[in-house]
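Participant: I am attaching a structure below and will ask some questions about it afterwards.
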Amino acid sequence: MSRVSRAGLLAAYRDGVTVICELAAQFTDATWLAATPCSEWRAVDLAGHLRCVADDYHEYLDDAPDSRLARLLATNASAESLARKLARQNAAELAALPDVSGPEHIAAFAESARSYGRRLPQAWDLPHHRYRGTEVTVGAMAGAACAEWHVHAWDLARSLGKDYRPAGPELVLTAWRAGTPQLWPSLNEAGSDDDPWHAMLVASGRDPGWTQV
C-alpha cells in the first residue's frame, strides 16, 4: 500500500459509496428491472449484491484473520477456482435476501458500507488474510472494497445508458492490486492498456463498450 495514501484511499472509498447512491437515485421502478453489464443481474439484483457484499466485508473484518474468506484464500487455489466459489456464494446470498425494492437495497448497502469505512482506520495495519505467501492487511482489503464500489458504479451507470469513471482511476487500480493478489496475473496482462480505468474494467470481466440494448 506504499503507493496509495491511507487518506486518499479512504476518500476514494467514500466517493464510491456516494456515487452508487447518486446513480441509484436516478432509477425508476421500470429501470430497476433493466439489464446490467453483470449479465446475470438486473439493476435491482446488483443493488442486492452490493448490500450483501458490504455486509460480507463486516463479517470478514470481524473474523480476520480467520474468516471464511481467509480460509478460502488460504487454499491457494487459482484465481479461476476462487472466482467460481465466490460466484456461488454471491448467488446464494442474493437468493436469501428479502424481496424488496432497489432503493431499499441501496439504503441498506449505504449504511453498511459507510459503517465499514468508519471501522477501517483503527484496524488498518492488522492482517486480513493471506494468499500464496502474500499478507493482505485490512488497509489493503479496503482497496479491494473501494475498487468494487467503483466498478459496480460503472455497472449501474451503464444500465442507465450513462458512463462513469472515478476521479482517480490510477489510485483505484493500485488499491485493487494491493487487495487482490490472487488477481495479479490477470491485472498484469491488462497492464499494457494506457488507460488504468479501461484496464481495470477489462480485468474485472467487463466489456468497456457495453451498452443497454
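Participant: How far is it, in nm, from the label point at residue 75 to the one at residue 100 when both lie 7 Å from their Cα along the line to the Cβ?
Facilitator: So the label points at residue 75 and residue 100 sit 3.2 nm apart.
Participant: Tell me, what is the FRET efficiency for residue 84 and residue 29 to the nearest 0.05, using R0 = 25 angstrom and their Cβ-Cβ distance as r? Provide the component values of the computation, followed by the final result.
Facilitator: Details: r = 34 Å, r/R0 = 1.34.
Result of the calculation: an efficiency of 0.15.
Participant: Taking the chain as the reference, fit the longest principal axis to its C-alpha atoms, fit the long axis of helix 43-63 to the helix C-alpha atoms, and give the angle between the two in degrees, 0 to 90, nearest 10.
Facilitator: Taking Cα atoms only, the helix is inclined about 20 degrees.
Participant: Report, by chain and number, residues whose modeled amide H sits under 5 Å from the one on residue 129, excluding near sequence neighbours (fewer than 5 apart, same chain).
Facilitator: Answer set, sorted by chain and number: 136.
Participant: Roughly speaking, what is the stretch gain from residue 198 to residue 167, that is 0.36 nm per residue apart minus the C-alpha to C-alpha distance, in nm to one decimal?
Facilitator: Details: separation 31, 0.36 × 31 = 11.16 nm, distance 1.35 nm.
Result: 9.8 nm gained on full extension.
Participant: Relative to the first principal axis of the alpha-carbon coordinates of the chain, what is the inclination of helix 169-179, with its axis defined by its Cα atoms, in degrees from 0 to 90 and to the nearest 10?
Facilitator: So the helix axis and the longest Cα principal axis differ by about 50 degrees.
Participant: So what's the angle, to the nearest 10 degrees on a 0 to 90 scale, between helix 6-24 and the longest Cα principal axis of the chain?
Facilitator: That works out to roughly 20 degrees.
Participant: Between residue 107 and residue 93, what is the label-to-label distance in nm when each label sits 7 Å out along the Cα-to-Cβ direction?
Facilitator: Going from the residue 107 label point to the residue 93 one covers 2.1 nm.
Participant: Once Lys and Arg get +1 and Asp and Glu get -1 on their Cβ, which of 147, 168, 178 lies farthest toward the positive end of the dipole of the chain?
Facilitator: My answer, from the dipole projection, is 178.
Participant: Where Lys and Arg each count +1 and Asp and Glu each count -1, what net charge lies around residue 212 among other residues with Cβ under 10 Å from its Cβ? Walk me through the numbers on the way to the answer.
Facilitator: On the way: positive: 158, 162; negative: none.
Taking every Cβ under 10 Å from that of residue 212, the sum is +2.
Participant: Now, a different point. Size of the dipole of region 6-203 about the Cα centre, Lys and Arg at +1 and Asp and Glu at -1 on the beta carbon, nothing else charged, in debye to 20?
Facilitator: The dipole of region 6-203 has a size of about 300 debye.
Participant: Still on this model: Test of understanding: in a Gaussian network model of the chain with alpha carbons linked when under 10 Å, which of 25, 147, 157 would top the mean-square fluctuation ranking?
Facilitator: Looking only at 25, 147, 157, the largest GNM fluctuation is found for 25.
Values quoted throughout were computed directly from the atomic coordinates according to the rules given, and no laboratory measurement underlies them. Bear in mind that the values here come from a model prediction, so they are computed numbers and not experimental data. Don't worry about glycine lacking a Cβ; one is built from the backbone with ideal geometry, like all the others, and counts go over all protein chains shown.
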